[in-house]
Amino acid sequence: MSCPFLRFNGAYPSQTKSWVTSNWQPQIQAASDPTDALVTINETFHKTYAAAGDSLRPTPLILLENDYILLWRTPNQREVYATITPRLYHDLKMTCHVPLVVIIMLEAILVGTDNPAPSQAITLSVLDCDKLNAYLEQLEALRSQQWDERFPTLSEADVRLQHHLVNTTYNYVQQTATAGSTTRADLLAFAAKIQPALRRNVTLAAAAQVDGLHAAIDRLQAELTETEWNRLTIGLTAPTMARTRSLATLYFAKRFGMDLQHNPKFFVMEEIDQEDHALRLISTHILDSHLSSALYEDPYYLWKDIMGDGASERIEQLFTTSVLEKCTAVWQQPYLKGLVAGVAIGGLVVWWMKGCV
């Protein structure tokens, strides 16, 4: 018996990694004992769950993998339906990377020296200067390219922005390598110079990919019957940091007028680079929706960690102070004990004086 998650490649670190101990195990032995009837039933649960998920996965189904749309018209009919990303998108993104190389390089150096004051010069090592000079040679080769030919669909103003990004980066790298030192103020000034051009490139690149996606989905809708279109299920792979702000997620949420995260039409999956894993996750979403509706009357309840509610309750118990504990803590304060003692003595004095009268 093995941990059910091991059926997914990459779900656990390879035991060949140096940081994994030699006796590393994904589960305690008690959960993997084949002679235990409860363990046997648990394995049956996982097999039943996987089979049910596969049977419930609907078609037609599309899966966005990087630049491509994969389409299943039937469970066994897979095709690469369309490429949604034009060359313009990649060229604009790569041009954005030109200044980012030096920003990343120098930022790492500045952070590594305990974030000096903005105007404090940090002397670069010989190795760092060599890296800058090697990058300068790459920039020299890039500057000789014919940008009009590389970006034939861009306006003259946008082509000039590509020149601006490359030339501004070249001048800054040359200046820094010659000086053999840098300051945070210089780095921030460079970043400010190229930031508007970066924003413009990102806008143009996003528009190019959205147009490609929109054209492909329009074509697909024209090919499907109304019933098939209404039944269409969509799987989206997205980087963890992008997720709900990923281009495809925003597009389908707007096209179908649905919530970004909780909807029955499209499913966002983070950092998935294997097709079978993506398909299994789509099945998981769909099956869990049916289970959630039956058990909790909420189709999205199992889309979160089912242990979350119980964990939250126990954590509150561990970290919330009871009323008795609060009163005890207050009573332990020296000033309060003195105050109570003073009030008690004062009361005795008043009582004694009344008795004397």
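The values are calculated or read from the model by the stated rules, or taken from the named source; none is laboratory data. Quick caveat, the model's predicted, so the values are computed rather than measured. FYI the Cβ positions are ideal-geometry reconstructions off the backbone, even for glycines, and counts take in every protein chain you see. Surface accessibility is based on the protein's heavy atoms, side chains included, excluding ligands, DNA and RNA. Shrake-Rupley method; radii C 1.70, N 1.55, O 1.52, S 1.80 Å.
Okay, here's what the table says:
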| item | result |
| --- | --- |
| Checking Met258 against (1) within 19 Å of Trp72 (Cα to Cα); (2) in contact with a Lys or Arg (Cβ under 7 Å, 6 or more places away or on another chain), the condition it does not meet | (1) |
| Only listed residue being under 30 Å from Ile109 (Cβ atoms) and either assigned to a helix (DSSP H, G or I) or out of contact with any helix residue (DSSP H, G or I) (no Cβ under 6 Å at 6 or more places or on another chain) (or both), chosen from Thr168, Thr227 | Thr168 |
| Residue match in the range 224-238 (condition: under 26 Å from the mean Cα position of the chain (by Cα) and open to solvent by 20 Å² or more (accessible area, probe 1.4 Å)) | yes |
| Scope the range 239-262; condition open to solvent by 60 Å² or more (accessible area, probe 1.4 Å) and in contact (Cβ under 8 Å) with a residue 60 or more places away in the chain; matching residues | none |
| Criterion: open to solvent by less than 80 Å² (accessible area, probe 1.4 Å) and either touching a Cys at 6+ places or on another chain (Cβ under 7 Å) or under 28 Å from Asp67 (Cα atoms) (or both) - qualifying residue of Ile122, Ile109, Ile103 | Ile103 |
| Contacts under 6 angstrom Cβ, first residue in the range 150-176 being modelled with pLDDT of 95 or more and of a type outside the set (Ser, Thr, Tyr), partner surrounded by 14 or more Cβ atoms within 10 Å (Cβ to Cβ) and not in a helix (DSSP H, G or I), 6 or more apart | Val159/Phe151 |
| Answer residue from the range 31-66, given it is of a type in the set (Ser, Thr, Tyr) and farther than 21 Å from Arg280 by Cβ and is least open to solvent (accessible area, probe 1.4 Å) among those | Ser32 |
| Filter result (open to solvent by 10 Å² or more (accessible area, probe 1.4 Å) and of a type in the set (A, V, I, L, M)) within the range 188-219 | Leu188, Ala189, Ala191, Ala192, Leu198, Val202, Leu204, Ala206, Ala207, Ala208, Val210, Ala215 |
| Selected residue (only one of Ala157, Ala82 is of a type outside the set (Ser, Thr, Tyr) and in contact with a helix residue (DSSP H, G or I) (Cβ under 6 Å, 6 or more places away or on another chain)) | Ala82 |
| Condition check for Gln77: out of contact with any strand residue (DSSP E or B) (no Cβ under 8 Å at 6 or more places or on another chain), at pLDDT below 90 and more than 18 Å from Val210 (Cβ to Cβ) | no |
| Any hit, the range 83-97, residues being touching a Lys or Arg at 6+ places or on another chain (Cβ under 7 Å), modelled with pLDDT of 95 or more, crowded, with 16+ Cβ neighbours inside 10 Å and part of a helix (DSSP H, G or I) | yes |
| Sole residue being assigned to a helix (DSSP H, G or I), at negative phi and in contact with a His (Cβ under 9 Å, 6 or more places away or on another chain), chosen from Ile194, Ile217 | Ile194 |
| Residue within the range 203-218 that is over 20 Å from His285 (Cα atoms), in contact with an Asp or Glu (Cβ under 7 Å, 6 or more places away or on another chain) and not charged (D, E, K, R) present | yes |
